[in-house]
Amino acid sequence: MKKQVLITGGTGFVGRHLTQLLIDNGYNVSVLSRSKKENKPSISYYVWDIKEQFIDEEAVIKADYIIHLAGENIAGSRWTAERKKNIIDSRVTPISLINSVLKKHNKKLDAFISASGVGIYGAITDAKICKENTAAEDDFLGITCQNWEAAADTIASSTNRIVKVRTGLVLGKNGGFLKKMLPIFKWGLGSPLGSGKQYMPWIHIDDLCGIYLLALKKEEMNGAYNATIQDSTTNKEFSKTLTMIVGYKMWFPAVPAFILRLVLGEMAVIVLEGRRVSSSKIEKQGFRFKYINLETAIRSCL
Ligand SMILES: NC(=O)c1ccc[n+]([C@@H]2O[C@H](COP(=O)([O-])OP(=O)(O)OC[C@H]3O[C@@H](n4cnc5c(N)ncnc54)[C@H](OP(=O)(O)O)[C@@H]3O)[C@@H](O)[C@H]2O)c1
């Protein structure tokens, strides 16, 4: 019998891509969303209202696996105090809602797999390569990821495994970072941000979804895994590659850090700082990245 995978936030950039991959690999997929949607032949949609603590329990009862992707977009707009609270609450509260259903029905999952971010290592630019046992930082993204992962751990008694996918910058078609950046570069306005020396740990969406698929299949997988290729792409190199691909020479001066801080506020750290991240733990599980060359990865997203 086909295994049932419930994806929270499955309507988003990663979720849509992952849904198709799972269907292609013989899974049934259900999606928890804040709005009602028409079911499709291999996708059932369920509704929840996190603020009202409402969840269609059937979604959880029928699931063998849950993949938790839902959460307010981190780079959506300035980090006001209210937005910061929503960013954390929209990732943590859904887990306690799911957990209450699991407990109520005495149900045990094959695995609970949650997104997390490489932001757990902090918005810092230095030479260190962060592994899964590197200490978390206490800046906003670090705290967000720590709360998110700690919430995932509360599912422990209702699941055989918990996997946390510490995701880097996802490159794919029709979403994420490239959707925002490509138009700017296509207008010939692309340039490095700040010093341009900050690292940009990236991953192609096919590889990210491949890691989620591996986490479903591989019973040895437990705990946190970095999901990003281990290279040392800097923001300047990224911008140069993107400019070359869209057919310009980079002529626009680097955007000064103070302007970015003025426009984006505290959120500017997302683009002004970045760490190098190790991928050895996931590779030891047998995962092989399809995209390790930035130019090839970006070209596949056009
Ligand atoms: N994309 C990246 O580069 C990247 C990098 C690191 C980590 N991640 C993490 O990976 C996960 C998936 O990323 P993504 O790019 O697919 O995100 P996305 O496109 O923004 O999709 C997230 C989904 O979460 C739901 N959602 C949005 N706001 C919510 C709220 N306030 N409360 C509850 N649900 C909400 C939405 O589904 P409904 O409207 O159907 O409810 C949305 O489709 C996210 O948690 C993200 O933080 C992504």
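Which pairs break 31 Å Cα to Cα here: LYS62/LYS164; LYS2/LYS131; LYS37/LYS236; LYS173/LYS240; LYS3/LYS179? Beyond 31 Å: LYS2/LYS131; LYS37/LYS236; LYS3/LYS179.
In the frame of its principal axes, the range 142-287 has Cα extents of 54, 30, 25 Å, reported largest first.
The dipole here belongs to the chain: it is taken about the Cα centre, uses +1 on the Cβ of Lys and Arg and -1 on the Cβ of Asp and Glu, and is about 540 debye.
One Cα centroid belongs to the range 181-256, the other to the range 142-164; the line between them spans 26 Å.
Taking the Kirkwood radius as Rh and the Cα radius of gyration as Rg, the range 92-149 has a ratio of Rg/Rh equal to 1.13. Rounded if a/c is under 1.5, else prolate if a/b beats b/c, else oblate: with a ≥ b ≥ c from the C-alpha gyration tensor eigenvalues square-rooted, which is the range 124-167? Taking the square roots of the gyration eigenvalues as a ≥ b ≥ c, the range 124-167 is prolate.
Relative to the 2.2 N^0.38 Å rule of thumb, the chain has a C-alpha radius of gyration ratio of 0.99.
Projecting the Cα atoms of SER35, TYR65, SER191 onto the charge dipole of the chain (Cβ charges, centred on the Cα centre) puts SER191 farthest toward the positive pole. For the pair ASN174 and LYS2 in one chain, pulling the backbone fully straight at 0.36 nm per residue adds 59.0 nm over the alpha carbon distance. Estimated at the nearest 10 Å², the accessible area of ASP153 is 70 Å² with a 1.4 Å probe. Taking 7 Å steps out from each Cα toward its Cβ at ASP89 and ARG34 produces label points 1.1 nm apart. Here the range 143-302 is assigned +1 on the Cβ of each Lys and Arg and -1 on the Cβ of each Asp and Glu. Its dipole about the Cα centre then comes out at about 360 debye.
Here the range 150-175 is scanned for amide nitrogen atoms under 14 Å from the site 7 Å beyond the Cα of ALA75 along Cα-to-Cβ, giving 167-175.
Net length available on complete extension from GLU52 to LYS290 is 81.5 nm, with 0.36 nm assigned per residue and the Cα-Cα distance removed. If a spin label sat at a point 7 angstrom from the Cα of ILE184 along the line to its beta carbon, the backbone N atoms of the range 255-283 nearer than 19 Å would be those of 255-275. Over the residues of the chain, the helix contribution to mean residue ellipticity at 222 nm works out to -11000 deg cm²/dmol, using -39500 (n - 2.57) for each DSSP H run of at least 4. Every Cα-Cα pair in the range 106-211 was counted, and those over 22 Å apart are 46% of them. Once both labels are positioned 7 Å from their Cα atoms along Cα-to-Cβ, the gap between GLU82 and LYS62 label points is 3.6 nm. With a/c under 1.5 counting as rounded, go ahead and sort the range 231-294 into rounded, prolate or oblate using the C-alpha gyration tensor (a ≥ b ≥ c being the square roots of the eigenvalues; past the cut-off, prolate if a/b is larger than b/c, else oblate). In terms of gyration-tensor shape, oblate.
Across the alpha-carbon set of the range 12-101, the Rg to Rh ratio works out to 0.98, Rh being the Kirkwood radius.
The antiparallel fraction among DSSP beta bridges confined to the chain stands at about 10%.
In terms of accessible area, using a 1.4 Å probe and ignoring ligands and nucleic acids, PHE13, PHE54, PHE252, PHE287 rank largest first as PHE54, PHE252, PHE13, PHE287.
A straight line joining the Cα centroids of the range 76-128 and the range 260-302 runs 19 Å. Between LYS131 and GLU220, the contour length at 0.36 nm per residue exceeds the alpha carbon distance by 30.2 nm. With an a/c value of 1.5 or above and a/b larger than b/c for the gyration tensor axes a ≥ b ≥ c computed over the alpha-carbon atoms, the range 1-156 is described as prolate. Per atom type, the range 104-243 shows carbon and sulfur on 51% of its accessible surface, probed at 1.4 Å.
The values are calculated or read from the model by the stated rules, or taken from the named source; none is laboratory data. Given the structure is predicted, the values throughout are model-derived calculations rather than measurements. Neighbour counts run over all protein chains shown; Cβ positions are idealised from the backbone, glycine included. We work out accessible area using only protein heavy atoms, side chains counted, and drop any ligands, DNA or RNA first. Shrake-Rupley method; radii C 1.70, N 1.55, O 1.52, S 1.80 Å.
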